[in-house]
Each structure stands twice: as structure tokens, then as C-alpha cells.
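The values are calculated or read from the model by the stated rules, or taken from the named source; none is laboratory data. Keep in mind the model is a prediction, meaning the values are calculated, not measured. Note: ideal-geometry Cβ built from the backbone for every residue, glycine included; neighbour counts use all protein chains shown.
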Amino acid sequence: GPRSNLQNQKKQSNFPNKSRNSDSLARRERIKSQRLSLPIASVKERLIEEVKTHDILIIVGETGSGKTTQLPQFLFNAGFCRDGKAIGITQPRRVAAVTVAKRVAEECGVELGQKVGYSIRFDDKTSSSTRIKYMTDGLLLREALLDPYLSRYSVIIVDEAHERTVHTDVLLGLLKNVQNVRSNSMKDHVNTDDKKSKNRTVQEKGTGAQCTSFLKQGHGRKFPPLKLIIMSASLDARVFSEYFGGARAVHIEGRQHHVDILYALHPVQDYLDATLVTIFQIHLEEAPGDILVFLTGQEEIESIEGLVQEQLHKLPEANRKLSTVPIFSSLPSEQQMRVFMPASPGHRKVILATNIAETSVTIPGIKYVIDPGFVKARSYDPVKGMESLIIIPTSKAQALQRSGRAGREGPGKCFRLYPEHEFEKLEDSTKPEIKRCNLSNVILQLKALGVDDIIGFDFMEKPSRAAIIKSLEHLFLLGALTDDCKLSEPVGHQMARLPLDPIYSKALILASQFNCLEEMLITVAMLSVESIFYTPREKLDEARTAAKCFSSPDGDHLTLVNVYRAVDGLLEKRKMEFGNEKSLKGKNEKFLRKWCKENFINGRSLRHARDIHSQIRGHVEQMGLRISSCGDDVLQFRRCLAASFFLNAALKQPEGTYRY
Ligand code: ADP
Ligand code: MG
């Protein structure tokens with residue numbers, strides 16, 4: 001009866017995780033009210049209507065207004081995923097795809113990988129039930145190789161389009177075409193069925209007509225039209241609108257409080273030093289509120305993290321309530337979510353971020369921004385055929401985005417670590433990446449998608465002719481292209497299937513022919529991560545001695561193989577000793593951490609490399625490449641290296657000059 005029912009309930013609520021349950025209930029309530037207070041919530045119905053009536057829509061909205069997390073949910077609830085179709089949202093950055101997917105899964109109250117998931121290179125958290133899928137722009141390009149009409153998707157949202165990554169630019173060109181083909185296939189369909197909606201389709205389209213089509217007109221297949229949404233944080237929607245034949249653009253009003261901008265009086269000598277001083281100045285003198293610092297990469301972030309800790313110990317106990325949280329793209333994903341957690345009570349949080357935090361992820365609680373004014377960017381010299389990462393001044397647009405992060409929840413302050421007159425000298429906006437990167441990878445993918453005429457491709461912004469020709473030349477030298485510039489069979493096609501730099505792909509394909517793919521897989525994995533060896537300045541000699549144990553007279557690549565195999569050997573031995581129980585996983589990790597520390601190996605990089613190794617191994621197995629080891633006969637392996645990395649060859653000048 002009702003009585004026993006009541007007792008049952010009572011018993012259950014006495015269960016030890018009662019408090020966790022009510023915690024999570026409170027959390028859900030909090031999330032719900034946070035969502036309702038986002039600027040985008042008040043225009044929900046209007047947005048859904050806009051998407052229904054326009055096949056291409058450009059949405060411009062201030063960072064943090066809720067575009068990335070909310071719009072896909074609105075569309076899902078409005079029925080855009082009928083017939084098992086999915087909404088795909090592309091992000092230029094892996095971190096954004098992962099953290100946003102986790103957040104949205106939580107908002108929907110579902111397990112990550114079910115209704116809401118993400119997919120990035122080397123990490124796929126989706127299933128057949130995934131309907132809201134966050135992914136990198138590069139990954140969607142890869143999907144297009146297997147599914148040229150992107151038939152699984154009813155809506156594609158290209159997010160953070162203002163970043164103008166090379167993948168975004170190429171994707172926009174591709175999507176323009178796919179959409180054109182898909183709505184044409186539908187038009188014929190509609191023609192016979194429903195005159196009214198045909199008229200509508202024609203009216204709205206009118207955009208893709210002038211673009212040259214490389215996709216065959218759907219082979220007579222019928223596709224539901226593809227909705228294309230382009231989202232950007234930059235106020236200038238014009239470039240996108242023009243590219244899509246005058247497509248409709250809507251603006252979402254944000255909420256921005258006043259931000260005081262403070263400049264350095266004089267140019268600073270060392271911006272890291274100035275950053276450190278400013279962090280403590282804020283910490284000791286300013287009202288409560290978290291600090292966001294923009295740095296250029298992992299190394300700077302880790303070095304500032306160390307310096308802050310060092311300084312803290314010199315302060316009186318009462319002033320030590322400052323915690324640092326890093327965020328950058330190669331940070332393991334379980335640590336990336338830490339930036340969203342509040343600091344312990346009474347503590348001030350300092351977030352040390354790359355330009356990920358500029359527009360891609362919005363972190364709550366920020367009141368102070370420190371902007372040294374630099375960013376790491378790709379740069380390509382088509383004459384030398386060399387690509388490198390360089391540190392350059394931000395653009396004005398980036399500086400404005402960065403300072404804006406201080407005024408999301410209330411008035412804030414932004415400390416620009418350069419003099420005011422320097423600001424005037426900055427470029428207005430960042431040059432699209434396609435104008436300053438190596439195009440080999442992109443060209444390989446376009447060729448695989450059937451785009452033969454690269455120079456004639458409808459790019460939003462054309463890369464320089466010189467850069468295209470240099471990259472075609474590289475691909476030709478690597479054997480990926482035939483004399484008449486088509487993808488070669490099988491090498492070119494195989495290379496296009498691997499999500500790697502064409503040089504690495506070539507090395508793997510060659511190695512499988514010369515019986516050393518095992519070694520090459522390890523090499524490519526180890527080369528894909530940040531430095532494996534860890535050499536702290538204060539223990540230089542010890543670190544060098546440790547590194548000698550692994551060093552190979554046959555070169556750095558085999559040295560890396562030695563490190564990898566040493567770890568494999570140790571784990572194998574432990575498996576023999578202790579078996580293969582699940583409970584050992586944690587212990588093994590602890591053991592590995594200790595071993596790495598003793599041997600001056602960067603544990604994080606090594607773990608990352610092991611991860612990548614298993615992923616690439618999966619790819620080459622799928623392609624049917626033969627995996628075997630050359631054992632001690634490393635000559636074959638070195639030949640394969642030379643035959644694929646020859647573009648990086650240099651000639652050493654005579655003895656002692658260390659010049660190439
Ligand atoms: P936009 O895409 O317009 O910049 P988002 O949809 O990314 O905005 O963010 C909307 C809100 O969701 C912001 O207030 C942000 O702080 C919050 N948010 C996003 N991701 C997370 C997360 N992982 N944890 C907590 N809050 C989050
Ligand atoms: Mg966003």
C-alpha cells in the first residue's frame with residue numbers, strides 16, 4: 001500500500017549518495033536558470049523561424065551569448081533531426097568541441113556519446129544515436145571523403161567562422177557545393193509533389209547557382225535539403241554573406257559591461273615577466289574576481305604556472321589564496337574541464353589560456369584580463385616550402401575580443417601589456433590561415449573529393465598561386481599525384497585516407513612495403529606530440545645522462561623508438577607479473593609516472609603518443625597495410641625515412657660551424 005511505498009522511498013533516500021543526488025538536482029536547477037538567462041534564449045523562436053525559412057543563415061553574436069551550446073538544442077527540439085538525421089557543429093579547436101559537447105550533454109541530462117557527442121581526430125565519442133555532434137572542421141572534411149553529400153546531416157553549423165582556419169575556408173567551399181546539389185536533387189522531387197514548396201525552395205536558394213559544381217548532380221539520388229548555418233563572433237558578416245550570394249545575416253545582441261582598458265606606459269622587455277607582475281598586482285590590490293591570461297602556448301603556460309607557485313611561497317600565508325588553471329589544446333581532456341569549476345572558497349582563480357579562450361570557450365567568473373598582445377600563428381614560406389609556428393602581435397579584433405572577456409558578468413578591467421600607441425599599429429583583423437599555411441594536406445583532400453582544378457576552386461579567399469604550386473609540387477614529389485595532377489593509385493588515395501601530414505602518411509605507406517611499419521608507427525606517433533624529453537634547467541646534466549640510455553647511433557627517430565619500446569617492455573613485464581586485471585590500470589599509470597620522472601621523460605607527451613599510436617594503428621589496419629618489424633636491420637627503416645622526409649633535408653656545412 002501507499003505506506004510501504006513511502007518507507008521504501010525513505011530507505012532509498014538514506015542511501016549514502018543522497019547528498020550527491022540533491023547536489024546534482026541543485027546543479028540541474030542552476031544550469032536551467034543559467035540557460036534561460038542567456039541572451040540567445042530570448043530570441044529562440046525567432047531563430048528557429050529564420051532557420052526554417054532560410055537554407056543559409058549567418059548568425060553573428062557576441063561571445064558567451066549561447067550560440068554554440070544552445071542553438072543545436074533549439075533545432076533538435078524543433079524537429080530538425082527527424083528521420084535519424086543529425087545536426088553537425090564544427091569548431092576550429094579540439095578543446096572547444098570536447099568541452100562544449102560535455103556541457104551540452106549535461107544540459108540535456110544525457111550521457112556523453114549518446115544523443116550528444118563529439119568527434120575529433122584520434123578521439124570519437126559518438127554512437128548511432130548521436131543527433132547533436134560537435135566536431136572539428138577538419139574532421140567534417142574527412143567525413144566528406146566517405147559521404148560526399150554529408151547525407152547523415154540535416155543541419156551543419158560552421159561555428160567560429162571568423163577564425164578563418166584553413167579547414168573552415170575549405171569546408172565553406174565544399175558545403176556551398178553540397179548544398180547546391182542537395183537542394184537541386186530535392187527541387188526535381190518537389191516539382192512533381194508539391195508546387196507550393198517548390199516556389200519557396202527556388203526563392204531561398206538563388207545562391208549556389210553560380211558556383212561550379214564538382215559533385216555529380218547527386219546521381220539522381222534524392223536528398224533532403226541541407227540547412228547551413230554560419231556562426232561568427234565578429235560583427236562583420238559581410239564576407240560570409242557575399243560569398244553565399246547575399247545570404248541572410250542575423251545579429252544576437254549580447255550583454256557587455258564596461259571594461260576599463262589599461263595600457264603599459266612603456267614597451268615591456270619581457271612580456272612573461274610583465275605578466276607575472278600584473279597577476280600579483282591584481283591579486284594583491286584588486287577586488288575579488290578571476291583573472292584570464294592570454295599566452296601563446298603550452299610552454300609559456302607551464303612556465304608562468306611554475307613562476308606563480310614560486311612567488312606565492314614567498315608571500316605571507318594570508319595572501320596565498322590564488323590557484324592557477326591551465327587550458328590549451330594538448331591538455332588531456334579530463335583536465336580541460338577544470339577551468340569551468342569555481343576556485344575553492346576565498347581563492348582567486350588565474351586561468352592561463354591560449355587564444356582558445358578568446359571566443360571558442362567562455363569561462364564564467366572572469367573580471368580581469370591580462371593581454372600581453374601576442375599569439376602563435378602558422379606561417380608558410382612558399383619559396384622555401386617551409387611552414388613554421390611563429391609568435392606575432394594580435395590583431396585589433398583579437399585585442400577587443402580578449403578585453404571583452406572581462407565584462408561578461410559585470411564591469412571589468414583589461415591590462416594590455418603594451419603602450420597605447422602600439423594598439424593603433426595592429427592589423428585590423430587576422431589574415432585568413434589559408435593565406436599563410438602549407439596547403440599540401442588541403443589539396444590532397446580536395447583531390448580526393450574530386451576537385452581536380454585547385455586553382456579554379458571557389459575559395460572564399462584564394463591562396464596565393466605560388467603556395468598552391470609549391471604544395472602540388474611537394475605532393476608530386478611524394479608520389480601522391482600523377483603526371484597529369486590526379487591522385488595516384490594506390491599511394492595518393494592511401495595518403496588521403498590517413499589523417500596525417502602527407503609526409504607522415506608517405507612514411508607509413510613505404511614502411512609497410514619495407515617491413516618496418518611497426519617502427520614507423522611509433523616514430524610518427526612520437527613525432528606527433530610535444531617534446532618527449534624533459535630537460536629542466538636546474539638538472540641539465542642528470543637529464544642528459546638519462547637521455548643517453550635511449551640514444552641510438554642511427555638517429556633521433558630510433559632514439560624515440562627506443563623510449564617507446566622501453567615503456568612497452570616494462571608494461572609487458574608487469575602484465576606477466578601481475579596479470580591483466582582492470583584494477584592494475586591505475587597502478588600502472590602511477591608506476592609509469594614515476595618511471596618517466598626518473599628518466600626525464602615528459603609523461604604527458606608519452607601518454608598522448610601511446611594514444612595516437614593506437615589510433616593510427618587502427619587506421620593502417622583498416623587500410624590493410626602489413627604491420628611488421630625490421631628488428632635490428634634498421635637500414636630499411638632509415639631508407640624509408642629518407643624517402644619520405646627528404647623535403648626536410650639539409651646539408652651540413654664543414655666541421656664545427658653548426659650551420660646547414
Ligand atoms: P557562444 O557560443 O555564444 O560564445 P556558448 O554557447 O559557448 O556561447 O556559452 C554559453 C554559456 O555557457 C556561457 O555562459 C558559458 O560560460 C557557459 N558554458 C559553456 N561551456 C561550459 C562548461 N563546460 N561549463 C560551464 N559553463 C559553460
Ligand atoms: Mg561559441
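Points to keep in mind about this one:
- Any hit, the stretch 361-369, residues being of a type outside the set (A, V, I, L, M) and either closer than 24 Å to residue 437 by Cα or away from ligand 1 (no atom under 16 Å from the Cβ) (or both): yes
- Test result for residue 466, within 27 Å of residue 390 (Cβ to Cβ), part of a helix (DSSP H, G or I) and aliphatic (A, V, I, L, M): yes
- Some residue of the stretch 111-127 being away from ligand 1 (no atom under 15 Å from the Cβ), without any contact (Cβ under 8 Å) to a residue 40 or more places away in the chain, farther than 25 Å from residue 356 by Cα and of a type in the set (Ser, Thr, Tyr): yes
- Members of the stretch 290-321 found to be touching a Gly at 6+ places or on another chain (Cβ under 8 Å) and modelled with pLDDT under 95, listed by number: 321
- Residues located in the stretch 326-353, provided they are within 16 Å of ligand 2 (Cβ to nearest atom) and out of contact with any helix residue (DSSP H, G or I) (no Cβ under 6 Å at 6 or more places or on another chain): 339, 340, 353
- Some residue of the stretch 261-269 being more than 16 Å from ligand 1 (Cβ to nearest atom) and either at pLDDT below 60 or more than 30 Å from residue 310 (Cβ to Cβ) (or both): no
- Failed item, numbered, when residue 276 is tested on (1) free of Cβ contacts under 8 Å to residues at least 60 places away in the same chain; (2) buried (at least 21 other Cβ atoms within 10 Å of the Cβ); (3) under 29 Å from residue 392 (Cβ atoms); (4) not charged (D, E, K, R): (2)
- Within the stretch 77-110, restricting attention to residues that are touching a residue at least 24 places away in the same chain (Cβ under 8 Å), more than 18 Å from the chain's Cα centre (by Cα) and buried (at least 19 other Cβ atoms within 10 Å of the Cβ), the residue that is nearest to residue 43 (Cα to Cα) is 80.
- Pair list, Cβ under 9 Å, 6 or more apart: the stretch 353-367 residue without any contact (Cβ under 8 Å) to a residue 60 or more places away in the chain, other residue within 10 Å of ligand 1 (Cβ to nearest atom) and aliphatic (A, V, I, L, M): none
- The stretch 36-92, subset outside any helix (DSSP H, G or I) and of a type in the set (Val, Ile, Thr), residue nearest to ligand 1 (Cβ to nearest atom): 63
- In the stretch 167-181, the condition of being in contact (Cβ under 8 Å) with a residue 12 or more places away in the chain, within 16 Å of ligand 1 (Cβ to nearest atom) and not hydroxyl-bearing (Ser, Thr, Tyr) is met by no residue.
- For the stretch 119-191, the strands (runs of 3 or more DSSP E) that sit wholly inside it and include 2 or more residues that are among the β-branched types (Val, Ile, Thr) are 132-136, 153-158.
- For the stretch 559-604, a residue qualifies if it is of a type in the set (Phe, Trp, Tyr), in a helix (DSSP H, G or I) and surrounded by 14 or more Cβ atoms within 10 Å (Cβ to Cβ), and the qualifying residues are 564, 591, 595.
- Every listed requirement among (1) closer than 26 Å to residue 329 by Cα; (2) touching a strand residue (DSSP E or B) at 6+ places or on another chain (Cβ under 8 Å); (3) β-branched (Val, Ile, Thr) is met by residue 63 save one, (2).
- Out of 477, 510, 517, one residue alone is surrounded by fewer than 19 Cβ atoms within 10 Å (Cβ to Cβ) and at negative phi. It is 477.
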